[in-house]
């Protein structure tokens, strides 16, 4: 039995609308998958032996990490692994870690602070090794934890159109560099300054 022409036409139109809808949904899904708005979860990475390529990290809005202090605006962040960092135009970059760093005996505790930061505040131009590891007998935690910087992302400290500092976070990793190409890499397995 043959269906009337108008019924056949309605069935064809319904099938065409369904196909167009499916194709549009697939294309939209592919477009969203190719342009993530936040970093994808990253698997544990092998120990780094050189500074990571910062182009591999998603830039976040630095103003989301702004904290007002007496020395101006500071950007503060923490990582899923417990590293806490601060970037400031006057005091440069510094981080505290829950693990031991070269020349220290343990990670940060309630009574000690294991950290990396500048040798001098402010940084001295021409210093070949402006950052160093240290351990103090005072706690480095101060109140509320900083906003989390997601794994696979980076944060720039900009002033007057110039990027002075960049820090990137990943699984068991924070890597920071200044505009003079000095900085540090923090990993539980191997950390260094340059």
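Extension gain residue 50-residue 125, at 0.36 nm per residue separation less the Cα-Cα distance, in nm? Mind showing how you got there, number by number?
Values: separation 75, 0.36 × 75 = 27.00 nm, distance 2.36 nm.
Result for the pair: 24.6 nm of gain on full extension.
Sorting check: for 113-126, 160-173, which peptide has the highest mean count of neighbouring beta carbons within 10 Å, and how do the rest follow?
Details: 113-126: 15.8, 160-173: 18.4.
The densest-packed peptide leads the list: 160-173, 113-126.
Could you please rank 140, 95, placing first whichever residue has the fewest other Cβ atoms within 10 Å of its Cβ?
140, 95
Averaging over all projection directions, find the projected area of the Cα convex hull of the stretch 54-193 and quote it in nm² with one decimal place.
With every direction weighted equally, the projected area is 8.2 nm².
Within 10 Å of each residue's Cβ, count the other Cβ atoms and sort 174, 60, 67 from fewest upward.
Listed from fewest to most nearby Cβ atoms, that is 67, 60, 174.
Calculate the FRET efficiency for residue 160 and residue 105 from the Cβ-Cβ distance with a Förster distance of 45 Å, rounded to the nearest 0.05.
Details: r = 41 Å, r/R0 = 0.92.
E(calc), rounded to 0.05, equals 0.65.
By count of other Cβ within 10 Å, fewest leading, how are 191, 139 ordered? Could the numbers behind the result be given before it?
Details: 191 21, 139 13.
Arranged by neighbour count, lowest to highest, 191, 139 become 139, 191.
For the stretch 48-87, what size does the Cα cloud have along each of its three principal axes, sorted from largest down, in whole Å?
37, 21, 18
Sequence gap at least 6, Cα distance under 8 Å: using those rules, report the relative contact order of the stretch 54-193 to the nearest whole percent.
Dividing the mean separation by the residue count of the stretch 54-193 yields 22 percent.
Taken together, the values in this text are just the output of simple stated rules run on the coordinates, not laboratory data. Here the structure is a predicted model, which is why all the values come from computation and not from measurement. Note that we place each Cβ from the backbone using ideal geometry, even for glycine, and neighbour counts take in every protein chain shown.
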